[in-house]
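Just below is one structure, and these are the notes that go with it.
Derivation of every value follows stated rules applied to the coordinates shown; laboratory data play no part. For clarity, every value in this text was computed on a predicted model and none was experimentally measured.
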Amino acid sequence: MGFKSFIANVKDSLGIKVDIKDGKKRSLNNLLEKLERKEFKLNKKLSKKKHKKNKEEIKQELQIVQMQIKKCKKVLNKLEDK
């Protein structure tokens, strides 16, 4: 018996229901938290004077992270509305 089938059997026997939306929300919240930490670190790097050469690369990476944060928040809002 595999691990997944064992968990499924235990859930069935105990009558536990796990909503797929809850799992997605939890995953998206974790992703959002990680993206916000990354955004904070990139902002911190930008404020330092040492990174003059890589400043343009850091700005581009920051823009990408901010765009991903916006998308993640949109998806979370859609899941909460349903």
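How large is ³J(HN,Hα), in whole Hz, for each residue of the stretch 54-70 in order, when computed from phi with the Karplus curve 6.51 cos²θ - 1.76 cosθ + 1.60 and θ = phi - 60°, using x for Gly and Pro?
After applying 6.51 cos²θ - 1.76 cosθ + 1.60, I find 8, 4, 5, 5, 5, 4, 5, 5, 5, 5, 5, 5, 5, 5, 5, 4, 4 Hz.
Any of Lys38/Lys59; Lys45/Lys71; Lys44/Lys74 with alpha carbons more than 19 Å apart? Name them for me.
Listed pairs above 19 Å: Lys45/Lys71; Lys44/Lys74.
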